[in-house]
Amino acid sequence: MEHINQWQPGTSMAILRQRSRVLSELRNFFQQRQVIEVDVPLLSRATVTDQNIDSIQAHNAETDAYLQTSPEYFMKRLLASGSGDIYSLGKAFREAESGRRHNPEFTLLEWYRCGWDEHQLMDEVAELIAVLLPGIAVRRCSYADVFIQHLQVDPHLVDLADLQSLAVATSSEAWAEETRANCLDLLFSVLIEPQLEDGLVLVYDYPACQAALAKCAEDSQGRQISRRFEGFLNRVELANGYCELTDAAEQADRFAEDQRQRRLSDKAAVTADQRLLAAMESGLPECAGVALGVDRLLMQLQGADSIDQVMPFSWDRC
């Protein structure tokens, strides 16, 4: 019966009032810049295919469906329809997300800027954070530079076998057969992220194997990179952005590769979003987009140790 007695929120009324103010400030930031808010569905017949993201499945009388892990696919369909610059501020859902910084239901801010690249969007992320944290220190560095600084390894050129050995030494023998993308993610999150500087650190030019929905390119040294960035606020992952892939055929190939990786990982196949591909075929404008975790931002503003402290009701209280 103990869980039934937890009927009260995990946060205080003071933090709830601050949460309300922050949501208002986020909306005001975009209103001043003439970026329009869009309200897209939370439920869809299709979902993300990424093997590292698990969707929560729902059911209705007509068909299986999924709670959306982000508003991205619907927003790109709006962009292809001529919406111009847009943002969404609302709920997103992910299966098996629980812990000090995770909850299966969370608040996500996502926005897209037409005609921008990822570096212009990084500027705007820094400007947004500075509204809430005036004087915040901001540092930019490439993924390769931060890897070489901390591990003396070039993540774009190192052999897979060497990466797997580093991953095994960092974690366990289970990593001996892992993919390049997963090994890099482990090494970054365990060995590099905790050593990042205070303030906002923007890491760009991620490896091509971690492109997700970002464009790929060659950097100035001829290495294959993805035009993707992540933002870390006081060593906490906060934002993930792309110079968005606009090629529908390449996106279809990536969906297929995701499904292959899901099979290899014994994960259930999911329904890829054919309407997104159709929208891209019709013409997705050149743009950059980013998703930012609002609950994690509130944790930083409050100095909170747990996401439960900044949400009205975390999953443990539902």
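Table for the structure above
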item: Options Asp85, Asp64; residue that is of a type in the set (Asp, Glu) and under 23 Å from the mean Cα position of the chain (by Cα); result: Asp85
item: Count of residues meeting criterion [modelled with pLDDT of 95 or more, farther than 20 Å from Met280 by Cβ and assigned to a loop (DSSP other than H, G, I, E, B)] in the stretch 203-221; result: 0
item: Residue list for the stretch 155-196, restricted to those being part of a loop (DSSP other than H, G, I, E, B) and either under 24 Å from Arg235 (Cβ atoms) or open to solvent by less than 70 Å² (accessible area, probe 1.4 Å) (or both); result: Pro155, His156, Val158, Ser171, Ser172, Glu178, Thr179, Leu196
item: Residue that is modelled with the lowest pLDDT, among those in the stretch 1-22 that are of a type in the set (Gly, Ala, Ser) and loosely packed, with under 12 Cβ neighbours inside 10 Å; result: Ala14
item: Test: residue in the stretch 23-32 that is assigned to a strand (DSSP E or B) and exposed (fewer than 15 other Cβ atoms within 10 Å of the Cβ); result: no
item: Positions within the stretch 47-73 being buried (at least 19 other Cβ atoms within 10 Å of the Cβ) and either in contact with a helix residue (DSSP H, G or I) (Cβ under 7 Å, 6 or more places away or on another chain) or of a type in the set (Val, Ile, Thr) (or both), in sequence order; result: Thr47, Val48, Thr49, Gln51, Thr69, Tyr73
item: Residue ID - modelled with the lowest pLDDT, chosen from residues in the stretch 255-282 that are of a type in the set (Gly, Ala, Ser), closer than 16 Å to Tyr73 by Cβ and open to solvent by less than 70 Å² (accessible area, probe 1.4 Å); result: Ala272
item: Residues satisfying the stated conditions in the stretch 81-126, i.e. open to solvent by 60 Å² or more (accessible area, probe 1.4 Å), in contact (Cβ under 8 Å) with a residue 40 or more places away in the chain and not in a loop (DSSP other than H, G, I, E, B); result: Lys91, His102, Glu105, His119, Gln120
item: Qualifying residue in the stretch 293-315 (condition: within 21 Å of Asp50 (Cα to Cα), at pLDDT 95 or above and not in a loop (DSSP other than H, G, I, E, B)); result: yes
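The values are calculated or read from the model by the stated rules, or taken from the named source; none is laboratory data. Computed from a prediction, not measured in an experiment: that's the story for all the values here. Neighbour counts run over all protein chains shown; Cβ positions are idealised from the backbone, glycine included. Accessible surface areas use protein heavy atoms only, side chains included; no ligands, DNA or RNA. Shrake-Rupley method; radii C 1.70, N 1.55, O 1.52, S 1.80 Å.
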